[in-house]
Structure formats: structure tokens, C-alpha cells
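Please treat every number below as a calculation from the coordinates, not as lab data. The model shown is predicted, which means the values in this text are computed figures rather than measured ones. Quick reminder, even Gly has a Cβ in these numbers, built from the backbone with ideal geometry, and neighbours come from all protein chains shown.
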Amino acid sequence: MTQNELKEAVARAAIQYVPDNCIVGVGTGTTANYFIDALAEIKGRIEGAVASSEASVQRLRGHGIAVFDLNSMDTLPVYVDGADEINQQLQMIKGGGAALTREKIVSAVAEQFICIADESKHVSVLGKFPLPVEVIPMARSYVSREIVKLGGHPAYREGVVTDNGNIILDVHGLQITEPAKFEAELNQIVGVVTNGLFARRRADVLLLGTASGVKTYK
Ligand code: 5RP
């Protein structure tokens with residue numbers, strides 16, 4: 001199977017976690033796009049969605065799925081999204097699509113985070129994928145210097161402005177053996193909006209697309 005076929009398979013498998021008449025949290029990226037397309041097929045049994053990016057809002061609306069403001073929700077039963085890397089503890093690196101801040105916000109509100117990923121994303125140690133950090137533009141150089149002190153090699157993602165009007169630093173050269181600790185350390189740097197480590201809010205379920213079928217980890 002191709003990588004896209006694996007992504008589509010896990011996206012379709014995630015539909016079983018969507019309760020009737022709910023508002024579902026929807027992530028961002030190519031795997032999340034397959035999930036949005038699968039959601040369109042069952043749109044008659046859901047009320048709508050909350051999205052983690054403007055791109056996902058547009059795709060949902062294109063399918064005629066109602067999009068709600070997160071501020072009008074107390075909770076969401078489920079949030080479905082991809083990942084750039086995920087480890088055995090279901091801790092993730094996210095933000096390859098620059099949507100990490102809204103992804104973290106929507107997933108914080110959700111009762112269950114269902115991660116959908118092809119097997120290339122499953123790793124034993126996080127960090128080979130450069131860790132995205134969303135930064136207030138005027139703090140770019142300061143934050144970069146602080147990240148170097150923590151052992152990382154930050155690279156400015158040229159030409160990218162997030163949905164929140166900020167920039168992205170991609171941090172190379174990391175081997176993240178204590179993800180929750182490192183997530184907190186990065187958050188302490190003034191000017192950091194969010195970092196792409198999802199260790200404190202890890203996934204509850206991983207649907208992993210493999211050559212031998214979709215495997216479920218909890
Ligand atoms: C976007 C993300 C995505 O979930 C992550 O980049 C995975 O993307 P894809 O499904 O395209 O491989 O965090 O900010």
C-alpha cells in the first residue's frame with residue numbers, strides 16, 4: 001500500500017470513534033484531510049465540527065459540514081488529527097503544517113484524542129522530525145538563542161505565517177528522551193506561543209496504518 005492509502009485507511013477507521021449527533025474536533029494536514037473526506041460521508045449523523053486551522057475550515061465547509069467556534073463548546077467528545085512523529089507512550093511531535101497552536105487548543109478541550117498516522121510516523125525516540133515552535137515575530141532571534149542553550153538547532157521556516165500571525169522555528173538535532181519536561185522548558189521561553197510537543201496532552205488512541213492493516217494502540 002502507498003503512504004496515502006495507509007493515511008486514508010486510518011482516517012476511515014477513525015469514523016468509528018465519532019458519536020452520533022456530536023460536534024467533532026478536526027485536525028490539519030494530509031491525513032486529517034482524508035478524515036474530513038470520510039466525515040463528509042456520515043455528515044447526516046453529526047452536528048458539525050470545530051477545526052484546528054483555516055485550511056480545515058475551508059475543506060469542511062466545502063463538504064457542507066457546519067463549522068462551530070470553540071468558544072461556544074464546553075467540551076468535545078473527540079479530536080482526530082495526524083502527527084509528524086508518535087512514540088510508544090502516544091506522545092507526539094506535531095506542527096509540520098504550522099497549525100500546532102490551534103491543534104493544542106482544540107485537543108485540550110477534547111475528551112479523547114485519536115491520532116491517525118501511517119507507520120512511518122511511529123518512532124522510539126521523538127526528535128528526528130524537526131520540532132516546530134510557534135513564536136511571536138519580534139522574539140524570533142531571542143527565542144532562537146535560548147533554544148540553542150537547550151541543545152537545539154533552530155531554523156526559521158521561511159515564508160510561513162501561522163493562522164495566528166506568528167512565525168515557526170523548526171528545531172533540529174534533538175533526541176527528546178523526556179518529552180513532558182522539554183515541552184514545559186520550551187514553554188518557559190518568553191516569546192514562545194506553543195511548541196509542537198504533545199506530551200502533556202498525548203493521544204488516547206493511535207490508529208496506525210501498516211502493510212498488514214490498521215493497528216490500534218491505547
Ligand atoms: C499540522 C500537523 C499534522 O498533523 C502533521 O504535520 C501531520 O501531517 P500529515 O498528515 O500531512 O502527514 O501537526 O500542523
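Once the mean of 1/r is taken over each pair of separate Cα atoms and inverted, the stretch 1-155 shows a Kirkwood hydrodynamic radius of 16.3 Å. Per residue, the chain reaches -8500 deg cm²/dmol at 222 nm when only DSSP H runs of four or more residues are counted, each adding -39500 (n - 2.57).
Quick one: which of K128/K218; K7/K149; K149/K218; K121/K181 span more than 28 angstrom between C-alpha atoms? Pairs exceeding the cut-off: K7/K149; K149/K218. Placing a pseudo-label 7 Å from each Cα along the Cα-to-Cβ vector at L70 and E54 gives an inter-label distance of 1.7 nm.
Our estimate of slack between I105 and N187, defined as 0.36 nm per intervening residue step minus the Cα-Cα distance, is 28.1 nm.
Rounded to the nearest Å, what's the spacing between the alpha carbon centres of the stretch 185-218 and the stretch 49-65? Just the number, please. Each part reduced to its Cα centre gives a spacing of 22 Å. Using the Cβ-Cβ distance between V161 and I42 with R0 = 35 Å, the FRET efficiency computed as 1/(1 + (r/R0)^6) comes to roughly 0.55. A Förster distance of 41 Å, applied to the separation of the beta-carbon atoms of T2 and I136, puts the FRET efficiency at 0.55.
Of all aspartates and glutamates in the structure, the ones whose alpha carbon falls short of 19 Å from that of K215, not counting any fewer than 8 places away in one chain, are E5, E8, D81, D84, E85, D118, E119, D204. Restricting the stretch 71-164 to GluC sites (Glu not before Pro) that sit in a DSSP loop and have at most 12 other Cβ atoms within 10 Å of their own Cβ leaves E158. Note on Q16/K128: beta-carbon distance plugged into 1/(1 + (r/R0)^6) with R0 of 41 Å gives a FRET efficiency of 0.85. Label reach from E119 (point 7 Å along Cα→C-beta): in the stretch 1-15, amide nitrogens under 12 Å belong to 1-3, 6. Report, in degrees rounded to the nearest 10, the 0 to 90 angle that the Cα long axis of helix 3-13 makes with the longest principal axis of the chain. Long axis of 3-13 versus the principal axis of the chain: about 60 degrees.
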